[in-house]
Amino acid sequence: MPSDLNPDSAQHGSDSGGSASEWRLLERARRGSLSAIDTLFTRYRSWLRRRSRGRLPPWARDGIDTSDVVQDALHQTFARIESFESKHAGALQGYLLRAVQNRINDQARRAKRRLNVIMPDASASLSDSAAPQHQQFVDDETWKRYVSGLERLTDRDRRLIVGRAELGYSYRQIAFMERLSSEAVARKALARALRRLVDIMSNA
């Protein structure tokens, strides 16, 4: 890797040449240097992909992979790099690692919520490691039936299920958005919507 930025060397302290170069590049990037931003982006993209490979469980991917997560974290970070405060050498490195891991965790939580709605017993057996091959197949097939089933529901039933399973809304939030009188009423409305979805999926 060229000597102007070596992310791995940033771990060894501010006296290393890599850390000093990172600091200079970061300062230039914060002042709006496109070449510095491009250099940081390119070098950290490769490094983050290596460090994050395999961390996104197969059952949680839903059409995305670790490279997509890394790309999103980098774009979001460098879009507001001028406000990034670097208090020590390697601060950007640590920030980007956390940003990628947070996105991986969010994706896994969303996937578990979906599975918990359409397969109540499935998500309890899932860990952050790769699921067994047969489980991946079942999840993919169930996901297709889930999406198809949603399309056959009423708009309200679809909003209830997506709000809870996809977006993680509380029953209080659902009650407010759907103008229901209480959380208990929202819970019952969601239960009815889920029964209709399960019936549709069972007959698919």
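Which one is farthest from the chain's Cα centre (by Cα) among residues in the stretch 1-27 that are at pLDDT 85 or above and surrounded by 16 or more Cβ atoms within 10 Å (Cβ to Cβ)? Per the stated criteria, the residue is Leu25. Residues in the stretch 116-129 include none that are at pLDDT 75 or above and either in the same structural domain as Trp23 (by TED's automatic domain parsing) or farther than 30 Å from Asp38 by Cα (or both).
Right, Ser35: in the same structural domain as Val69 (by TED's automatic domain parsing), modelled with pLDDT under 90, part of a helix (DSSP H, G or I) and of a type in the set (Ser, Thr, Tyr) or not? Spelling it out, it is not the case that Ser35 is in the same structural domain as Val69 (by TED's automatic domain parsing), modelled with pLDDT under 90, part of a helix (DSSP H, G or I) and of a type in the set (Ser, Thr, Tyr). Listed conditions (1) at pLDDT 90 or above; (2) of a type in the set (A, V, I, L, M); (3) closer than 22 Å to Arg109 by Cα are all met by Leu153, apart from (3).
Take Arg50 and decide whether it is in a helix (DSSP H, G or I), of a type outside the set (A, V, I, L, M), more than 30 Å from Ile161 (Cα to Cα) and modelled with pLDDT of 90 or more. No.
The values are calculated or read from the model by the stated rules, or taken from the named source; none is laboratory data. All figures in this text were calculated on a predicted structure; none of them were measured in a lab. Cβ sites come from the backbone with ideal geometry, for glycine too, and all protein chains shown count toward neighbours.
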